[in-house]
Amino acid sequence: IVVKADGLALGKGVLIPQNLQEAEAAVKSIMEDKTFGDSGNEIVVEEFLTGPEVSVLAFTDGTAIVPMVSSMDHKRAGDGDTGLNTGGMGTVAPNPCYTPEIAAACMETIFLPTLSAMRAEGCPFKGCLYFGLMLTPGGPKVIEYNCRFGDPETQVVLPLLKTDLLTVMRAVENETLGDLTVEWHDGAAACVILASGGYPGGYEKGREISIPGDLPANVTVYHAGDMRTEDGKLVTSGGRVLGVTAAGDTLEAALKDAYAAAGRIDFKGMYMRHDIGQRALRALEG
Ligand code: GLY
């Protein structure tokens, strides 16, 4: 089973006990020791599912739904999917596990039914819906919904969007999304998160960050947990500090450029995962 804090816990409030004793300890940790703060005032207990995870962000105007390029998050803090859950240590897009057949099944069994259920409940949703999916042996299952873009999924999905984003947003607002063809670039994108040493536990803030001014044009550095001091220095102010994204013709090329750029950025205590995209590359090799 999975024991989850029911409130917002920045992707961290999930424990996976292996036996009854660990399950009881998980409940105590969340509800009594308040490991995840008030987000653990209530818990949910769910079936433990296995299979590759896929994030699918989708534009919707309440009736039409346009899934974006799929992506793969890397939620654990350490290489080889070890360590604590985080908000996400890196992403790649597209996700090679998400085949056209699976995409078609998700449209019929998950995306469209979600929209009609929300309309039926009197809460039609317009905007970006985030489907956190697991491709289990029994078919795709929803792990989580968010009514927002994903972080760091957005950092790899939006660079592959060919259609102007504002045009898509207007179609969402005007409920004309069904009339719009949303186009995507071929190729791939990869994002490596540069985190503060200690994250997702405690970490120091205020470390000065150095970013070279001559990063290649296909690289974008997204600022997240950082800030400018009054005297103009760029310093760390959060756990996930920067998202270094590169787009390329292939996933391999995108990863190479993202890691090359990440290696040129520095702040004291900085850490990153070194295996972002390796699972995706293995899936591509079949
Ligand atoms: N990367 C997970 C999320 O945005 O919820």
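Determine ³J(HN,Hα), in whole Hz, for all residues of segment 145-155 in sequence, where each value follows from phi through the Karplus function 6.51 cos²θ - 1.76 cosθ + 1.60 and θ = phi - 60°; x replaces Gly and Pro.
Per-residue couplings from phi come out as 10, 9, 9, 5, 5, x, 10, x, 5, 4, 5 Hz.
Can you give the Kirkwood hydrodynamic radius for segment 114-234, in Å, rounded to one decimal and based on Cα pairs?
18.4 Å
Send over the per residue convex hull volume for segment 127-176, Cα only, as a whole number of Å³.
Per residue, the Cα convex hull of segment 127-176 comes to 113 Å³.
What are the GluC sites (Glu not before Pro) within segment 105-148 that DSSP puts in a loop, where the Cβ has at most 14 other Cβ atoms within 10 Å?
Passing sites in segment 105-148 are GLU121.
Could you calculate, for segment 22-131, the ratio of the Cα radius of gyration to the Kirkwood radius, expressed as Rg to Rh?
Using only Cα positions, Rg/Rh for segment 22-131 is 1.04.
Dipole of the chain (Lys/Arg Cβ +1, Asp/Glu Cβ -1, origin at the Cα centre): which of SER210, ASN95, ALA190 lies farthest to the positive side?
SER210
How many percent of the alpha carbon pairs in the chain exceed a separation of 34 Å?
23 percent
From Cα coordinates alone, what are the radius of gyration and Dmax values for segment 222-286 in angstrom?
My reading of the Cα-based Rg and Dmax gives 14.5, 52 Å.
Rounded to the nearest 20 debye, what is the charge dipole size of the chain about its Cα centre when +1 sits on each Lys and Arg Cβ and -1 on each Asp and Glu Cβ?
Dipole size: approximately 460 debye.
Distance from a point 7 Å along Cα→Cβ of GLU22 to each backbone N in segment 1-15: keep the residues under 12 Å and list them by number.
1-3, 15
Between segment 245-286 and segment 28-106, what is the separation of their alpha carbon centroids in Å?
So the two Cα centres are separated by 20 Å.
Quote the relative contact order of the chain in percent (integer), defining contacts as alpha-carbon pairs under 8 Å separated by 6+ residues.
Computed value for the chain: 18 percent relative contact order.
Assuming 1.567 mPa s and 4 °C, estimate D for segment 171-286 with Stokes-Einstein, Rh taken as the Kirkwood radius over Cα pairs, in µm²/s.
81 µm²/s
So which residue, out of MET89, MET134, MET118, gets the largest mean-square fluctuation from a GNM of the chain using Cα contacts under 10 Å as springs?
Comparing MET89, MET134, MET118 in the GNM, the peak value goes to MET118.
Under 18 Å from a point 7 Å along the Cα-to-Cβ line of LYS162: which residues of segment 242-280 have their amide N that close?
247-251
Could you work out the equivalent-ellipsoid semi-axes for segment 73-157, taking the square root of 5 times each eigenvalue of the Cα gyration tensor, largest first, in whole Å?
So the three semi-axes of segment 73-157 are 25, 16, 12 Å.
Where a number appears in this text, it was derived from the coordinates with a stated rule and is not lab data. Because the structure is predicted, anything quoted here is derived from the model rather than measured. Cβ: placed from backbone, ideal geometry, glycine included. Neighbour counts: every protein chain shown.
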